Amino acid sequence: MRAARLSGPEPVVLVAHGSRDPRAAAATRALARAVAAARPGLPVLPSWLDHTEPGPTEVLRELATAGHPRAVLVPLLLTAAYHRRVDIPAAVAAARESGPPLAVRVTDVLGPAGGEVDDVLLAGLRRRLTEARPGPIDALVLAAAGTRDAAARASVGRAAAALGSALGVPTRVSYASAAPPAAGVAVARLRSRGARRVAVSAYFLAPGLFHDAVLATAREAGAVAVADPLTDAPELAELVLRRVDAEPGQRNAPAG
């Protein structure tokens, strides 16, 4: 059994933020299954930084103990803020401090990397928006979880601009926490400026209280539709595999 594992592909460890809401963990597990189904034979293991077990350190240690010399860790994050810069490196370092040696390659986050917004990320957002059946729209709000990190907010802005350009409508960003405006405020502002059919795209990987708040405030402000989170959309599974396949130091440029 060990020889078969060592000769196969490097295991992939997905690392999600974690939430007390069980829907979030279910979404991460669904994405892990979708990635594994998209590439048969690839071991794909979910983990969480908080609230849900196992954590990434535990998963990496188990892989090392099982005889794997290498693993690829994919942060299930849409911005490269505190969790990517601090929590994930700390988890990898903790795994290396004890047990057999394991080489771990940490990929870019799933959001814009190096200023580029992946075409498959945009396709996934468009899929979820279409599923919400908004009909014709004349403005869009991209609703994100929120961060105090200015660089991370800038990356959300790049995603919003790219999505708005693809749809041909003005697009604004909103946040569920940490920064204004809230989704309902963003919808109301667009409507006050003449937009009559404003939809909301969910820049979330999983459902939870933040998305619930976006749904409630946006509808109250008159949004014609609010998209679901990306969860296990096939485009998101493809994006994970793009991150896995990227050589160290290589950015995932949009496919041409």
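Which order do the peptides 25-34, 137-146 take when ranked by the mean count of other beta-carbon atoms within 10 Å per residue, highest first?
Packing order, densest peptide first, comes out as 137-146, 25-34.
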Computed helical MRE - 222 nm, the chain, DSSP H runs ≥ 4 contributing -39500 (n - 2.57), nearest 500: -13000 deg cm²/dmol
If unit charges are put on Cβ atoms (+1 for Lys and Arg, -1 for Asp and Glu) and the dipole of region 148-256 is taken about its Cα centre, the option from G184, P234, F204 lying farthest towards the positive end turns out to be G184
Residue-normalised value, i.e. accessible area per residue, for region 1-149 at 1.4 Å probe, in Å², stands at 46
Under the Karplus relation 6.51 cos²θ - 1.76 cosθ + 1.60, θ = phi - 60°, what is the ordered set of whole-Hz ³J(HN,Hα) values for region 47-59, x standing for Gly and Pro? 8, 9, 6, 7, 6, 10, 9, x, x, x, 4, 4, 5
Taking the Cβ of G135 as the center, what net charge do the other residues with Cβ under 14 Å away carry, scoring Lys and Arg +1 and Asp and Glu -1? +1
Amide proton proximity set for L45, modelled H, under 5 Å, gap of 5+: V12, V13, L14
How much of the accessible area of region 137-256, probe 1.4 Å, is carbon plus sulfur, in whole percent? 52
Which of P180, P112, P11 moves the most in a Gaussian network model of the chain with Cα springs under 10 Å? P180
With volume of the Cα convex hull per residue in Å³ as the read-out, I listed [x] 177; [y] 150; [z] 118; which label goes with the value calculated from this structure? [z]
Separation of the A103 and R196 label points, Cα + 7 Å toward Cβ, nm: 6.1
Run the dipole for the chain about the Cα centre, Lys and Arg Cβ at +1, Asp and Glu Cβ at -1, nothing else charged, and hand back the magnitude in debye, nearest 20. 500
As a percent rounded to 5, the proportion of antiparallel DSSP bridges among beta bridges in the chain is 5
Would you give the gap between the C-alpha center of region 32-85 and the C-alpha center of region 107-150, rounded to a whole Å? 23
Using a simple spin-label model with points 7 Å from Cα along the Cα→Cβ vector, what separation in nm is obtained for R23 and T65? 3.5
In Å², and per residue, what accessible area does region 154-256 have when probed at 1.4 Å with the other protein chains present? 44
Between L76 and residues 5 or more places away or on another chain, which pairs have amide H atoms under 5 Å apart, with H built 1.01 Å from N, and which residues are they? V15, A16
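The values are calculated or read from the model by the stated rules, or taken from the named source; none is laboratory data. Bear in mind that the values here come from a model prediction, so they are computed numbers and not experimental data. We place every Cβ from the backbone using ideal geometry, glycine too, and count neighbours over all the protein chains shown. Heads up: the accessible areas ignore ligands, DNA and RNA and are worked out on the full protein's heavy atoms, side chains in. Shrake-Rupley method; radii C 1.70, N 1.55, O 1.52, S 1.80 Å.
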